[in-house]
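Engineer: Here you go, one structure.
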Amino acid sequence: MPDVPKVPVGPDGTTLNVALLGPDEHRRGVLAGALTGHQGLRFKEFASYPPRLEDLPQALSQQYQVIVVDIDSNPDYAYKLIENICSTGRSYVMAYSAQADTKTAVRFMRAGVREFFTLPLDPAEVTAALTRAATHQPVPIDPSKMPGKLMVFLGAKGGCGVTTLGANFALALAQESSSDTLLIDLGLPIGDVAINLGLPTDYSLAPAMQNPERLDASMLSSLVTKHDSGLWVLTAPTELPEKQVTTEAVDKLISVAREKYTYVVVDAGSRVDLMGSALFQPSAIIYLVTQVGISEMRNTNRLVLKYFTRRDENLQLIINRYKTSDLVFDETQIAKALTRPADWKIPDDYAAARRTRNTPTPLALADSPISHALREMAQAAAGIVPEKKRSIFRIFG
């Protein structure tokens with residue numbers, strides 16, 4: 001009787017946990033069969049990729065020392081998925097393909113893949129790879145050296161509710177993630193973030209915009225105001241600015257903010273004039289806010305086609321004040337106008353909006369369909385899977 005291959009225990013002294021991600025049942029079955037014959041490891045099969053990279057639970061890299069990904073089902077998406085996983089530095093990532101293509105293998109190795117299998121599998125090669133994975137020590141990451149995540153709320157048209165959504169999203173993000181979160185009001189010349197959150201306006205971003213060469217973490221700390229929820233806010237000036245905000249000043253502000261805070265949320269109003277600034281750098285997630293109206297959808301279409309065709313998952317389309325009973329267009333027409341289906345639909349809840357407008361309680365802190373939607377958005381941005389959504393993301397355990 002042949003000996004059963006043994007794999008050393010993982011670096012934490014326990015069984016080596018392996019996650020096998022593969023939409024194709026046959027190819028996934030081949031890999032599962034190769035893993036089944038090894039002692040010292042436990043693996044779980046996932047029958048699909050996550051629906052969006054932002055939905056990838058943080059627990060995936062924490063729970064599994066080894067993650068094996070099928071790249072043939074959707075090579076481009078698999079590449080981005082692997083980049084996302086490898087950015088944590090925790091898991092030993094492997095990939096497999098039915099195609100013996102050296103260029104493809106090199107491409108995925110550069111994304112962070114440590115082992116690349118080609119079908120049909122060589123059992124000895126799989127055993128050797130698992131042995132190397134078992135002795136792999138996760139690379140420690142210094143959070144202080146990683147720039148904070150930048151999220152920018154932009155309106156397809158004035159009056160779409162950008163400030164309300166951006167401010168309350170930031171508040172929900174600060175609470176859901178329990179991380180340092182900064183909200184910047186760049187809806188100049190007149191910004192309403194402070195009014196939305198009921199904040200005093202003793203300080204503002206005016207000094208940072210007027211003297212960008214002096215701006216550093218210490219100066220930024222002196223300009224922000226802390227909301228009772230724990231959210232830090234850099235409000236717009238109470239007086240109309242005498243000078244135009246320069247791209248250089250915005251770039252410096254965003255750079256300093258990302259060095260200090262885990263999450264930086266910006267209310268950009270409809271400032272398409274800042275498209276060449278750091279606000280819209282490739283790593284930024286753009287939340288483009290619109291409504292179901294001819295003008296709004298037309299503007300959204302123009303913005304997406306001109307500026308955001310390469311954004312993919314870094315562009316989130318939000319339909320605000322969404323009410324199915326009042327729709328003039330059907331879902332197919334809306335998706336065509338927006339160039340793709342919306343990522344988020346914020347319900348039209350006039351009663352809740354009116355209540356919060358007349359009280360000091362922000363919309364995100366009220367119990368309403370709008371606040372529930374905003375918290376779901378915040379959880380997705382922070383990589384958190386809410387309890388009520390676990391059935392949807394069952395593939396991640």
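Engineer: Please work out which residue is farthest from the chain's Cα centre (by Cα), limiting yourself to region 262-276 and to residues that are crowded, with 20+ Cβ neighbours inside 10 Å and not in a helix (DSSP H, G or I).
Structural biologist: ARG271
Engineer: Then there is this: Might you let me know whether region 246-261 holds any residue that is modelled with pLDDT under 90 and outside any helix (DSSP H, G or I)?
Structural biologist: Within region 246-261, one or more residues are modelled with pLDDT under 90 and outside any helix (DSSP H, G or I).
Engineer: For the structure I just gave you, tell me whether LEU288 is touching a helix residue (DSSP H, G or I) at 6+ places or on another chain (Cβ under 8 Å), closer than 12 Å to VAL152 by Cβ and in the same structural domain as PRO212 (by TED's automatic domain parsing). Steps first, please.
Structural biologist: Numbers: touching a helix residue (DSSP H, G or I) at 6+ places or on another chain (Cβ under 8 Å): yes; closer than 12 Å to VAL152 by Cβ: yes; in the same structural domain as PRO212 (by TED's automatic domain parsing): yes.
Judged against the criteria, LEU288 is a match.
Engineer: Has region 50-63 got any residue that is under 22 Å from SER97 (Cα atoms) and at pLDDT 85 or above?
Structural biologist: No, region 50-63 contains no residue that is under 22 Å from SER97 (Cα atoms) and at pLDDT 85 or above.
Engineer: Sticking with this one: Could you list all residues from region 107-126 that are surrounded by 14 or more Cβ atoms within 10 Å (Cβ to Cβ), part of a loop (DSSP other than H, G, I, E, B) and at pLDDT 90 or above?
Structural biologist: Listed by number, the residues that qualify are VAL113, ARG114, LEU119, LEU121.
Engineer: Another question, then. Counting only residues that are outside any loop (DSSP other than H, G, I, E, B), among the polar types (S, T, N, Q) and within 16 Å of VAL264 (Cβ to Cβ), how many does region 210-240 have? Steps first, please.
Structural biologist: If we filter region 210-240 for residues that are outside any loop (DSSP other than H, G, I, E, B), which is where we start, we get 210, 212-214, 217-223, 225-226, 232-234.
Add one more test, that the residue is among the polar types (S, T, N, Q), and what stays is 210, 218, 221-222, 225.
Then drop every residue that is not within 16 Å of VAL264 (Cβ to Cβ), which leaves 221, 225.
So the answer is 2.
Engineer: Collect the residues in region 277-318 that are outside any helix (DSSP H, G or I) and in contact with a Ser or Thr (Cβ under 6 Å, 6 or more places away or on another chain), keeping them in residue-number order. Even if it seems obvious, please write down each step before you answer.
Structural biologist: The first filter runs over region 277-318 and keeps only residues outside any helix (DSSP H, G or I), leaving 277, 281-293, 308-311, 315-318.
Across region 277-318, the qualifying residues are SER277, THR290.
Engineer: If we keep just the residues of region 240-254 that are in contact (Cβ under 8 Å) with a residue 24 or more places away in the chain and surrounded by fewer than 20 Cβ atoms within 10 Å (Cβ to Cβ), which is nearest to ALA366 (Cα to Cα)?
Structural biologist: Step one: list which residues in region 240-254 are in contact (Cβ under 8 Å) with a residue 24 or more places away in the chain, which gives 240-241, 243, 245-254.
Now narrow it down to the ones that are surrounded by fewer than 20 Cβ atoms within 10 Å (Cβ to Cβ): 240-241, 243, 246-248, 251.
Working: LEU240: 32, PRO241: 33, LYS243: 38, THR246: 37, THR247: 36, GLU248: 38, ASP251: 34 Å.
Among residues in region 240-254 that are in contact (Cβ under 8 Å) with a residue 24 or more places away in the chain and surrounded by fewer than 20 Cβ atoms within 10 Å (Cβ to Cβ), the one nearest to ALA366 (Cα to Cα) is LEU240.
Table: residues versus (1) modelled with pLDDT of 90 or more; (2) over 30 Å from GLN39 (Cα atoms); (3) in contact with a strand residue (DSSP E or B) (Cβ under 7 Å, 6 or more places away or on another chain); (4) assigned to a helix (DSSP H, G or I).
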| residue | (1), (2), (3), (4) |
| --- | --- |
| ALA128 | yes, no, no, yes |
| VAL139 | no, no, no, no |
| LEU150 | yes, yes, yes, no |
| GLY166 | yes, yes, yes, yes |
| ALA172 | yes, yes, no, yes |
| GLU176 | yes, yes, no, yes |
| SER179 | yes, yes, yes, no |
| ILE184 | yes, yes, yes, no |
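Engineer: Would you point out which residue out of SER218, SER283 is more than 19 Å from ALA167 (Cα to Cα), under 24 Å from the mean Cα position of the chain (by Cα) and among the hydroxyl-bearing types (Ser, Thr, Tyr)? Give the derivation first.
Structural biologist: Details: SER218 fails: under 24 Å from the mean Cα position of the chain (by Cα).
Result: SER283 is the single residue among SER218, SER283 that is more than 19 Å from ALA167 (Cα to Cα), under 24 Å from the mean Cα position of the chain (by Cα) and among the hydroxyl-bearing types (Ser, Thr, Tyr).
Engineer: Can you tell me which residue within region 67-92, out of those that are in a loop (DSSP other than H, G, I, E, B) and within 15 Å of the chain's Cα centre (by Cα), is farthest from PHE43 (Cα to Cα)? Walk me through it before giving the result.
Structural biologist: Taking region 67-92 first, the residues in a loop (DSSP other than H, G, I, E, B) are 71-74, 87-91.
With within 15 Å of the chain's Cα centre (by Cα) added as a condition, the list becomes 87-88.
Numbers: SER87: 22, THR88: 20 Å.
Only one residue tops the list, namely SER87.
Engineer: Another question about this same structure. I'd like to verify a number: residues in region 194-208 that are hydroxyl-bearing (Ser, Thr, Tyr) and at pLDDT 85 or above, how many?
Structural biologist: First, pick out the residues of region 194-208 that are hydroxyl-bearing (Ser, Thr, Tyr): 201, 203-204.
Filter once more, keeping what is at pLDDT 85 or above: 204.
So the answer is 1.
Engineer: Let me ask something else about it. From the list PRO200, PRO207, PRO189, exactly one residue is in a helix (DSSP H, G or I) and touching a residue at least 12 places away in the same chain (Cβ under 8 Å). Which is it?
Structural biologist: On the way: PRO200 fails: in a helix (DSSP H, G or I); PRO189 fails: in a helix (DSSP H, G or I).
One residue alone meets the criteria, PRO207.
Engineer: Restricting to region 342-361, name every residue that is at pLDDT 90 or above and either touching a Leu at 6+ places or on another chain (Cβ under 8 Å) or in a helix (DSSP H, G or I) (or both).
Structural biologist: Taking region 342-361 as the starting set, the residues that turn out to be at pLDDT 90 or above are 342-347.
Correct list: ALA342, ASP343, TRP344, ILE346.
Engineer: Still on this structure, please answer the following. Suppose we filter region 1-37 for residues that are assigned to a helix (DSSP H, G or I) and either modelled with pLDDT of 90 or more or surrounded by 15 or more Cβ atoms within 10 Å (Cβ to Cβ) (or both); how many remain?
Structural biologist: Result for region 1-37: 11.
The values are calculated or read from the model by the stated rules, or taken from the named source; none is laboratory data. None of these values were measured; they are calculated from a predicted model. In this analysis, Cβ positions are derived from the backbone assuming ideal geometry, glycine residues included, and neighbour counts consider all displayed protein chains.
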